[in-house]
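Asks: I'd like to ask you about the structure that follows.
Read-outs: derived from the displayed coordinates by stated rules, not from any lab. Values in this document were obtained by computation on a predicted structure and should not be read as measured data. FYI the Cβ positions are ideal-geometry reconstructions off the backbone, even for glycines, and counts take in every protein chain you see.
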Amino acid sequence: MGRNIIIATLVALIATMTVAIVLIGGRGTADDPQAGDVAEGRQLYLKNCAACHGDTLEGQPNWRERLPNGRMPAPPHDETGHTWHHSDDQLFRITRDGVAAIVGGNYESDMPGFGEILTDDEIWAVLEYIKSTWPEPERARQAQRSQ
């Protein structure tokens, strides 16, 4: 009888700690994959990002040249772009808050913040999807920047 109480107490404690970690900590980086993150991230990317960044992450044409309005086109998120040059924290903040909020000053961008549209976990899922498409050298360099 006493052993059953101890086991039940341990199970309840583990369940409580797991819920607390999820609610309080969430996910720390895009390198903390959870089941389905890449598939979910791809769907979220296609719905929210592909209109500008392309269905295959190719970005807008001439993405390094300013548009007539002075803003920069949407860059590619594949290995040919510069997304992997940023840490996980920077990528998350850019996606959640928008480029202008991160760059500061009077910088103008067509990139909105998605913090009102996507949850933090959905943003991490999108980043996980994008990162899953990069060749290993770019993934390794980006992971190093995120440490």
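Asks: Which value, in debye to the nearest 20, describes the size of the charge dipole of segment 54-147 about its Cα centre when Lys and Arg Cβ atoms bear +1, Asp and Glu Cβ atoms bear -1, and nothing else is charged?
Replies: Here the size comes out at about 380 debye.
Asks: I've got another one for you. Could you tell me which residue out of Ala125, Met111, Gln147 lies farthest along the dipole of segment 89-147 toward its positive end? Charges go on the beta carbon: Lys and Arg +1, Asp and Glu -1, centred on the Cα centre.
Replies: So the residue we want is Gln147.
Asks: By how many nm would the segment from Arg64 to Ser87 lengthen if fully extended, with 0.36 nm per residue of separation less the alpha-carbon distance?
Replies: Gain on stretching Arg64 to Ser87: 6.2 nm.
Asks: In Å and from the alpha-carbon atoms only, list the Rg and Dmax of segment 38-95.
Replies: Reported Rg and Dmax, both Å: 11.9, 36.
Asks: Further, regarding this structure: Find out how many positive minus negative residues lie around Arg71, taking Lys and Arg as positive, Asp and Glu as negative, among other residues whose Cβ is under 10 Å from that of Arg71.
Replies: Around Arg71, the surrounding residues sum to -1.
Asks: Can you give the FRET efficiency for Ala140 and Cys52, using 1/(1 + (r/R0)^6), R0 = 30 Å, r = Cβ-Cβ distance, to the nearest 0.05?
Replies: Efficiency, from the Cβ-Cβ distance: 0.65.
Asks: A further question follows. How do 91-103, 120-132, 62-74 rank on mean C-beta neighbours within 10 Å, highest first?
Replies: Taking the mean over residues of other Cβ atoms within 10 Å, the ranking is 120-132, 91-103, 62-74.
Asks: Here's a follow-up. Need the full-extension length gain, Thr119 to Gln43, defined as separation in residues times 0.36 nm minus the C-alpha distance. One decimal, nm.
Replies: 25.9 nm
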